[in-house]
Amino acid sequence: MKKNIILSLCILVCFMLPGCGQPSPSDAVQTWFDAIESGNLEKANSVTIAKAQMLNAIAIEANQSGDKMPKMTIEREEIKGDKATVYYSEKGGSKHTITLEKVDGAWKVAPSKD
């Protein structure tokens, strides 16, 4: 009985903390990288805003035709309200960013027009 009460309290506290158990922007970017690399369009689209999902098919096709994505390392993220920026580096040292938007409580890759 005591274990059940402690477990219930832990679950309750987790739900009360903002973002507890929610994937971070970095998690969404890592999921996107992995999906593009493995050719999983459905998974890539699940973490991409709707108006940019066509780019996923293009990225997967390019990756499968020999223009492989370099290995990526996520370095950090910045969150400002419903927008986020994830900073990452490619194997070889070049550094880049990916922008994200929070849509219905989930972080989605939202490529900028830059």
Would you pick out the residues in segment 70-114 that are within 11 Å of the chain's Cα centre (by Cα), hydroxyl-bearing (Ser, Thr, Tyr) and more than 11 Å from ILE49 (Cβ to Cβ)?
-> THR85
Restricting attention to segment 34-48, report how many residues are in a helix (DSSP H, G or I) and buried (at least 19 other Cβ atoms within 10 Å of the Cβ).
-> 4
Would you say SER112 is loosely packed, with under 14 Cβ neighbours inside 10 Å, free of Cβ contacts under 8 Å to residues at least 24 places away in the same chain and among the hydroxyl-bearing types (Ser, Thr, Tyr)?
-> yes
Filtering segment 77-89 down to residues that are of a type in the set (D, E, K, R) and either assigned to a loop (DSSP other than H, G, I, E, B) or closer than 21 Å to SER38 by Cα (or both) yields ASP82
Test ALA52 against the criterion of being modelled with pLDDT of 95 or more and either part of a helix (DSSP H, G or I) or in contact with a strand residue (DSSP E or B) (Cβ under 6 Å, 6 or more places away or on another chain) (or both), and give yes or no.
-> no
Hey, can you tell me all the residues within segment 90-114 that are among the polar types (S, T, N, Q), assigned to a loop (DSSP other than H, G, I, E, B) and closer than 17 Å to TRP32 by Cα?
-> SER112
Qualifying position, being in a strand (DSSP E or B) and out of contact with any Lys or Arg (no Cβ under 9 Å at 6 or more places or on another chain), among ILE60, ILE74 = ILE74
Would you check if there is a residue in segment 85-92 being surrounded by fewer than 14 Cβ atoms within 10 Å (Cβ to Cβ) and modelled with pLDDT of 90 or more?
-> yes
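The values are calculated or read from the model by the stated rules, or taken from the named source; none is laboratory data. Remember, it's a predicted structure, so these values are computed and weren't measured experimentally. Quick reminder, even Gly has a Cβ in these numbers, built from the backbone with ideal geometry, and neighbours come from all protein chains shown.
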